[in-house]
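For reference, the structure is listed below as structure tokens.
Each reported figure results from applying straightforward, stated rules to the coordinates on display, with no laboratory input. Since the structure is predicted, the reported quantities are computational estimates derived from the model, not experimental observations. All Cβ positions, even for glycine, are placed from backbone atoms using ideal geometry, and neighbour counts span all protein chains on display.
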There are 2 protein chains.
Amino acid sequence: MNLLFLGTGAGVPAKLRNVSALALMLLEERNAVWLFDCGEATQHQILHTSLKPRKIEKIFITHLHGDHIFGLPGLLGSRSFQGGTTELTVYGPRGIRQFLEVSLKISETHLKYPLSIIEYGDGLLFEDSQFKVEALLLDHAVASYGFRITEKDKQGTLDARKLREEGIPPGPIYKRLKEEETVNLDDGRTIHGSDYVGPPQKGRVIAILGDTRPCKNAVELARNANLLVHESTFSGENEEMAREYFHSTTMQAAEIAREANVGMLCLTHISSRYAKEDWNRLEKEARTIFSDSKVVSDFTNIAIPFN
Amino acid sequence: MNLLFLGTGAGVPAKLRNVSALALMLLEERNAVWLFDCGEATQHQILHTSLKPRKIEKIFITHLHGDHIFGLPGLLGSRSFQGGTTELTVYGPRGIRQFLEVSLKISETHLKYPLSIIEYGDGLLFEDSQFKVEALLLDHAVASYGFRITEKDKQGTLDARKLREEGIPPGPIYKRLKEEETVNLDDGRTIHGSDYVGPPQKGRVIAILGDTRPCKNAVELARNANLLVHESTFSGENEEMAREYFHSTTMQAAEIAREANVGMLCLTHISSRYAKEDWNRLEKEARTIFSDSKVVSDFTNIAIPFN
Ligand SMILES: [Zn+2]
Ligand SMILES: [Zn+2]
């Protein structure tokens, strides 16, 4: 499970930072990729990575500002053109359906895969045996949401080597032991599955937030998360400007991370007013409040740590 | 007057060729730029040029396929964000209005300049004292148009030096002479403006066509043009495929150029199936039929020749 940042700029594309997009790579977990936001030229950014558009299973849109959605129609079309045939689900705030339906209709883009569009609000967006995705409204000029992605705990693994060493050969019995049943062997022994099953692996939690001022729901979504992705459009001294434009500063994002007790903070949505030389300073500002802060760039790839 | 190719690929963006866009630079003529088509990431391409989005005065859309329009909402928004305040007119086939209005509304993109959207069909789209733009329907899977841009002839310049040498000092009289009037001077001489005015400069004609199979209207639009921009999605041997997908080959484009008796042919909308090594071969194919053929690339800049 990795996060691959595809666009880490704010508002308009710049040479060094494209507009927003972030891929949650779930290749090992489900041979799939989930995209969070899809600013213009996200598919162009993807051309410079190993990401296959046909593997994109879900796209979550935080809010409908152009720098977060204008790459969607093109990406959906190219995914079809490049042979994608499996269903794709787009989750977005109310309005995403009209935008996509009109864009695809006007351009006569005929997708060769089923496209499902879900307009969501606060609450549970998706759940299966592996993952759960919840959304809460943040504080932005338009309805902007944050997501809490919860990986479910994994059952401990069965210690097959130990079983073989004790003369219990592989067979249907292993399945019962894995479910921690107590089993009577043909040789008279009684063994307990729990003695052969390792500890369960705690699932990870990632919080990915859309544009926002600092707010309670940001903390709520990020509570004890392994990793928080938070916007920081402005540097610490521009708190007033951040407030006026419904954004956050580096230090406000770091305060959210500290309050929520997360494992790591990724700062993104960096205004192009900050040149490359400034990025280190922005990161240092955040670290004065939350030490595991990182200002990410386009193509930064982060393995999600376990707690 | 220059043509700056911003996107010369077909269908989907590729690393070496972006989707369609072409800037007609009219900086000397009217301190303005006219854009023809606006595929996704056209504004990103512009970042690598000296073109200022606020100078874009008109955008002409040949047809509504995604690779020709998906960059429009983002470019319109960025033009505003970057301080553009002058009116912008978008000319497109029927449907362009709904696409733009829905995209701008959903994304809450509030432009700080007047945007005028004109849905056109065959005929005259625009005319002023300098230029005339006409459109005709071509032969594509959706309604696709070509444009004939006619620069008006320029009046000859008044030879002020010769006048001064003959003892006729500058004054209101120069304006009358420039209009080739006959004037009686105070010293009794009668002089004819036509003797002091150079030959008129013939305006140039450029034909810029959208995606199309070879067709009569292509020839019509390009007749005696100084320069023709024609798609050539496929190489000469793929005529059947070109027909099936409503496109042209290099050689078909060259035949149109020859038949229309143009000065120069620019081949664009090159499929990504052709690697960089193939581009030269494509150009050679076209030159077997029309010698002044050129396969253009992203950022190719061509001065429009006079005849
Ligand atoms: Zn926003
Ligand atoms: Zn087309």
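Each Cα pair under 8 Å and six or more residues apart adds its separation to the average, and for the range B:84-142 the resulting relative contact order is 35 percent. Annotation: lysines with alpha-carbon distance below 25 angstrom to B:LYS154 (same-chain offsets under eight excluded): B:LYS55, B:LYS58, B:LYS132, B:LYS162, B:LYS175, B:LYS178, B:LYS202.
Comment: the Cα-to-Cβ extended label point of A:GLY121, at 7 Å, lies 4.5 nm from its counterparts in the other copies, nearest first. Pairwise Cα separations in the range B:97-199 fall into 5 Å bins from 0 onward with the following percentages, short to long: 2, 9, 13, 11, 8, 9, 8, 7, 7, 8, 7, 5, 3, 1, 0. Ranked from largest, the principal axis spans of the Cα set of chain B equal 75, 51, 34 Å.
Measuring between their Cα centroids, the range B:50-76 and the range A:150-190 lie 64 Å from each other.
Here the 3J(HN,Hα) profile of the range B:46-53, calculated from phi with Karplus coefficients 6.51, -1.76 and 1.60 at θ = phi - 60°, is 4, 4, 9, 10, 8, 5, 9, x Hz, Gly and Pro shown as x. Straight-line cross-link reach from B:LYS216 at under 16 Å between alpha-carbon atoms covers these aspartates and glutamates, not counting any fewer than eight positions away in the same chain: B:ASP122, B:GLU134, B:ASP139, B:GLU231, B:GLU255, B:GLU259. For the range B:150-211, run through the GluC sites (Glu not before Pro) and keep only the ones in DSSP coil with at most 14 other Cβ atoms within 10 Å of their Cβ. Passing sites in the range B:150-211 are B:GLU166, B:GLU179, B:GLU181. Only one residue of B:THR42, B:TYR120, B:LEU88 has its Cα farthest out toward the positive end of the dipole of the protein assembly as shown, where Lys and Arg carry +1 and Asp and Glu -1 on Cβ, and that residue is B:THR42.
Label points for B:LYS175 are taken 7 Å from Cα along Cα→Cβ. From this copy to the others they lie 9.9 nm apart, shortest first. Solvent-free Debye calculation, one equal scatterer per alpha-carbon of the range A:77-127: log10 I(q)/I(0) at 0.27 Å⁻¹ equals -1.08. Orientation-averaged projection of the range B:186-296 equals 9.8 nm² [convex hull of Cα atoms, one quarter of hull surface area]. Residues B:ILE191, B:ILE59 in ascending order of nearby Cβ atoms (within 10 Å, fewest first): B:ILE191, B:ILE59.
For the range B:169-223, the convex hull drawn through the C-alpha positions has a volume of 111 cubic angstrom per residue. Between amide H atoms placed 1.01 Å from N, distances below 5 Å from B:ILE118 occur with B:VAL90, B:TYR91, B:GLY92, all of them 5 or more places distant or on a separate chain.
Over the range B:19-169, the hull volume per residue, using the convex hull of the C-alpha atoms, is 138 Å³.
By the count of neighbouring beta-carbon atoms within 10 Å, fewest first, A:HIS63, B:HIS192 end up ordered B:HIS192, A:HIS63. Seen from all directions on average, the protein assembly as shown presents a Cα convex hull projection of 37.1 nm². Projecting 7 Å from Cα along the Cα-to-Cβ direction, the label point of B:GLU240 sits 7.2 nm from its equivalents in the other copies, listed shortest first.
When A:LYS202, A:LYS58 are arranged by Cβ crowding within 10 Å, least crowded first, meaning fewest neighbours, the order is A:LYS202, A:LYS58. The relative contact order of chain A comes to 16 percent, based on Cα pairs under 8 Å that sit 6 or more residues apart. Just add up the charged neighbours of B:ASP159: K/R +1, D/E -1, any other residue whose Cβ is under 14 Å from the Cβ of B:ASP159. That sum, taken over residues with Cβ under 14 Å, equals 0.
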